[in-house]
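This report refers to the structure that appears directly beneath it.
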Amino acid sequence: MKFTFYKYQGTGNDFILIDNRLKSFNKTDTKLVAKFCDRRFGVGADGLILLEDSEISDFKMIYFNADGNQSTMCGNGGRCIVDFAQYLNVIETNTTFEAIDGIHHATVKKDTIALQMIDVLKVEENTNYSFLDTGSPHHVQLVSNLNNFNVKAEGSKIRYSNLYNSKGGSNINFVEQETASIFKIRTYERGVEDETLSCGTGATATAIAMHKSGLTKDLINTIKVKGGTLVIQFKTHNGNYTDVFLEGPTQQVFKGEIEW
């Protein structure tokens, strides 16, 4: 079959976007998804996203990791599909869409897209790390000298450790604080099984974990990733984190056709 696809990136987190409203793409073909995402034999991406019709919102987002398996929520992917939906004239500037973790609201601004994430009602605080779910599971750990840290080796070690084997693995975020409200992070993503240039749910998890631990009192935090800058804001009430928004830039890189 011949497929038309679009390549998007959000702070360096790159995705293949396909309009699947006519259901032409076989969602059960994990090998095809992995082939699309392969950086040497395919288009190359951190993940593949299908836009489909929804009965309860403007559209539905179906997200696959680069390994071909359907996965949990992707924050940067969510921002990219909002950009894509506007490009397809499915939406204008405000939207509500359906994802694997529920309904999301988003707003297209001049240079950024602000995406509402799920509420976070539980943050597990441990001696050296925090664990929480922001649509995807995240381990958040402070380190020093982040620029020279071996993210792939150390991230893989934790991701496959006894901590997360029973949970199906976790994304691993290594964090360094710069100011009271600015944090730098590097993330090892499960499903990609490597460091990515950005992780939206990881940036969200980091901001919340840093607030929960008392390292920041700000409700708006800047998260520096290798691919750019994201802004996370939220409200707190009785230890719960609500009205959580992930905001940052997106870009359509190119459009193409491929036949397999």
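Can you name every residue in the range 206-242 that is under 20 Å from Asn147 (Cα atoms) and either among the aliphatic types (A, V, I, L, M) or free of Cβ contacts under 8 Å to residues at least 40 places away in the same chain (or both)? Residues satisfying the conditions are Ala207, Met210, Ile223, Val225, Leu230. Contact map, the range 1-26: residues that are touching a residue at least 24 places away in the same chain (Cβ under 8 Å) and closer than 26 Å to Val225 by Cα paired with residues that are buried (at least 19 other Cβ atoms within 10 Å of the Cβ) and charged (D, E, K, R), Cβ distance under 8 Å, separation 6+ or inter-chain. Pairs shown: Lys7/Asp14; Tyr8/Asp14; Tyr8/Asp83; Gly10/Arg79; Asn13/Asp46; Asp14/Asp46; Phe15/Asp46. Would you be able to tell me the number of residues in the range 50-104 that are touching a residue at least 24 places away in the same chain (Cβ under 8 Å) and not in a helix (DSSP H, G or I)? Qualifying residue count, the range 50-104: 36. Taking the conditions (1) polar (S, T, N, Q); (2) surrounded by 22 or more Cβ atoms within 10 Å (Cβ to Cβ); (3) over 24 Å from Phe254 (Cβ atoms) in turn, Asn76 satisfies each one other than (3). Report yes if some residue within the range 142-158 is in contact (Cβ under 8 Å) with a residue 12 or more places away in the chain, buried (at least 19 other Cβ atoms within 10 Å of the Cβ) and among the hydroxyl-bearing types (Ser, Thr, Tyr); otherwise report no. So far as the range 142-158 goes, no, none of its residues is in contact (Cβ under 8 Å) with a residue 12 or more places away in the chain, buried (at least 19 other Cβ atoms within 10 Å of the Cβ) and among the hydroxyl-bearing types (Ser, Thr, Tyr).
Screening Ile49, Ile91, Ile62, Ile81 for residues that are over 19 Å from Lys23 (Cα atoms) and buried (at least 18 other Cβ atoms within 10 Å of the Cβ) leaves exactly one candidate, Ile91.
Given the criteria in a strand (DSSP E or B), more than 17 Å from Phe64 (Cα to Cα), basic (Lys, Arg) and over 14 Å from the mean Cα position of the chain (by Cα), does Lys184 qualify?
Details: in a strand (DSSP E or B): yes; more than 17 Å from Phe64 (Cα to Cα): yes; basic (Lys, Arg): yes; over 14 Å from the mean Cα position of the chain (by Cα): yes.
The answer is yes for Lys184.
Exactly one residue out of Gln251, Gln233 is exposed (fewer than 15 other Cβ atoms within 10 Å of the Cβ) and either at pLDDT 95 or above or touching a Ser or Thr at 6+ places or on another chain (Cβ under 7 Å) (or both), and it is Gln251.
How many residues, within the range 190-242, are in a loop (DSSP other than H, G, I, E, B), in contact with a helix residue (DSSP H, G or I) (Cβ under 7 Å, 6 or more places away or on another chain) and of a type in the set (Val, Ile, Thr)? Residues that pass the stated criteria total 1.
Among residues belonging to the range 173-206 that are among the small types (Gly, Ala, Ser) and in contact with a strand residue (DSSP E or B) (Cβ under 6 Å, 6 or more places away or on another chain), point out the one that is surrounded by the most Cβ atoms within 10 Å (Cβ to Cβ). It would help to see each step written out before you state the result.
So in the range 173-206, the residues among the small types (Gly, Ala, Ser) come out as 180-181, 191, 198, 200, 202-203, 205.
From what's left, in contact with a strand residue (DSSP E or B) (Cβ under 6 Å, 6 or more places away or on another chain): 181, 191, 198, 200, 202-203, 205.
Numbers: Ser181: 20, Gly191: 23, Ser198: 28, Gly200: 31, Gly202: 31, Ala203: 30, Ala205: 33.
It comes out as Ala205.
The values are calculated or read from the model by the stated rules, or taken from the named source; none is laboratory data. What you are looking at is a predicted structure, and each value in this text was computed from that prediction instead of being measured. All Cβ positions, even for glycine, are placed from backbone atoms using ideal geometry, and neighbour counts span all protein chains on display.
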